[in-house]
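Trainee: Just passing along the structure, written as structure tokens.
Please treat every number below as a calculation from the coordinates, not as lab data. Note that the coordinates shown come from a computational prediction; the quantities given were computed from them, not determined experimentally. Cβ coordinates were reconstructed from backbone atoms using ideal geometry, including for glycine residues, and neighbour counts include every protein chain displayed.
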Amino acid sequence: MTNLTNYHSHCLYCDGRANMEDFIRFAISEGFSSYGISSHAPLPFSTAWTMEWDRMDDYLSEFSRLKAKYADEIELAVGLEIDYLNEESNPSLSRFQELPLDYCIGSVHMLYSPEGKVVDIDTPADHFRELVDAHFGGDLDFVVRLYYKNLLRMVELGGFDIVGHADKMHYNASCYRPGLLDEAWYDTLVRDYFAAIAERGYIVEINTKSYHELGTFYPNERYFSFLKELGIRVQVNSDAHYPERINNGRAEALAALKKAGFTSVVEWHGGKWEDKEIL
């Protein structure tokens with residue numbers, strides 16, 4: 001297999017299931033040329049899946065030690081996956097920008113309900129239905145529009161390099177209401193969002209985390225050709241929480257990208273992002 005890289009992975013500093021070194025050693029054993037660690041960044045409140053600020057120095061120090069230890073075997077990069085929550089909590093904050101990171105991933109996992117409650121909508125489809133019904137009165141259209149509104153605001157504010165799982169809600173939303181993805185208003189939302197990404201030059205990851213379980217990429221494969229038309233640069237990331245899953249769905253994603261007309265993906269080499277031919 002070629003183009004062996006991954007820049008979206010979660011270790012024990014957040015909700016990953018193995019330590020940082022286990023991921024790196026597995027990447028080396030699989031023949032990866034470069035690899036990135038991207039733990040969930042701290043939020044203004046504690047969660048079971050994000051890092052706390054008091055672990056940040058340890059996170060960065062451990063990465064530096066491992067980067068030096070494995071310098072002759074693989075090129076490593078350190079990042080964070082930072083949530084857009086609101087104007088006071090998002091990737092553009094100076095507190096994040098001042099960290100000595102190689103890159104950042106910008107993502108949306110949570111929304112505020114009309115009552116002001118933070119609702120994690122990045123859940124299995126059956127629980128997503130329960131949350132929409134309980135906190136948003138069953139108004140799926142409102143939830144979808146709010147999700148893309150927040151994504152657009154995240155794109156406007158910036159502070160990151162890679163758009164994480166760009167339209168992840170599409171699977172849950174289409175399970176809630178089959179046929180949603182073919183509704184004109186939804187298609188317009190998505191296309192406007194990708195146009196904003198293209199205008200600002202962000203990288204879009206093809207997130208393969210759910211491909212083997214749910215049969216879908218994030219973003220949805222139906223938009224790969226549109227990404228190509230817009231000139232958006234892409235990379236394949238597995239969003240792995242287990243070392244053995246760092247390569248899940250890579251071959252399928254690369255094949256789908258080639259089918260859509262892509263000839264290259266973005267990889268980290270020589271301390272910077274480079275376009276590399278899909279082999």
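Trainee: Considering amide H positions built from the backbone, and no H for Pro or chain starts, which residues 5 or more places from T123, or on another chain, come under 5 Å of its amide H?
Mentor: Amide H to amide H, under 5 Å and 5 or more residues apart or across chains, T123 pairs with nothing.
Trainee: When the Cα atoms of the stretch 110-220 are enclosed in a convex hull and the volume is divided per residue, what value in Å³ results?
Mentor: Details: hull volume 11.1 nm³, N = 111.
Each residue corresponds to 100 Å³ of Cα convex hull volume.
Trainee: Over the Cα atoms of the chain, compute the convex hull volume and normalise it per residue, giving Å³.
Mentor: On the way: hull volume 33.6 nm³, N = 279.
It comes to 120 Å³ per residue, whole-number rounded.
Trainee: Order these by the 10 Å Cβ neighbour count, fewest first: V119, V78. List each step's numbers first, then the result.
Mentor: Details: V119 18, V78 21.
The order, fewest Cβ neighbours first, is V119, V78.
Trainee: A follow-up question, please. The stretch 67-122: percent of C-alpha pairs farther apart than 16 Å? Don't skip to the end; give the middle numbers.
Mentor: Details: 860 of 1540 pairs.
When every Cα pair of the stretch 67-122 is considered, 56 percent fall beyond 16 Å.
Trainee: Let me ask something else. Viscosity 0.890 mPa s, temperature 25 °C: Stokes-Einstein D of the stretch 133-279 from its Kirkwood Cα radius, in µm² per second? Before the final figure, lay out the partial values.
Mentor: On the way: Rh = 16.1 Å.
D, rounded to a whole number, is 153 µm²/s.
Trainee: For D139, D58, what ranking results if the residue with the fewest other Cβ atoms within 10 Å of its Cβ goes first?
Mentor: Working: D139 14, D58 11.
Ranked by crowding around the Cβ, least crowded first: D58, D139.
Trainee: In nm, what is the difference between 0.36 nm times the number of residues separating D15 and N86 and their Cα-Cα distance?
Mentor: On the way: separation 71, 0.36 × 71 = 25.56 nm, distance 2.22 nm.
Taking D15 through N86 to full extension adds about 23.3 nm, to one decimal.
Trainee: What is the Cα centroid distance between the stretch 178-251 and the stretch 1-56, reported in whole angstrom?
Mentor: Centre-to-centre (Cα) distance: 20 Å.
Trainee: Using Cβ contacts closer than 10 Å as the measure, can you line up L85, L227 from fewest to most? Could the numbers behind the result be given before it?
Mentor: Numbers: L85 19, L227 22.
The fewest-first ordering by Cβ neighbours comes to L85, L227.
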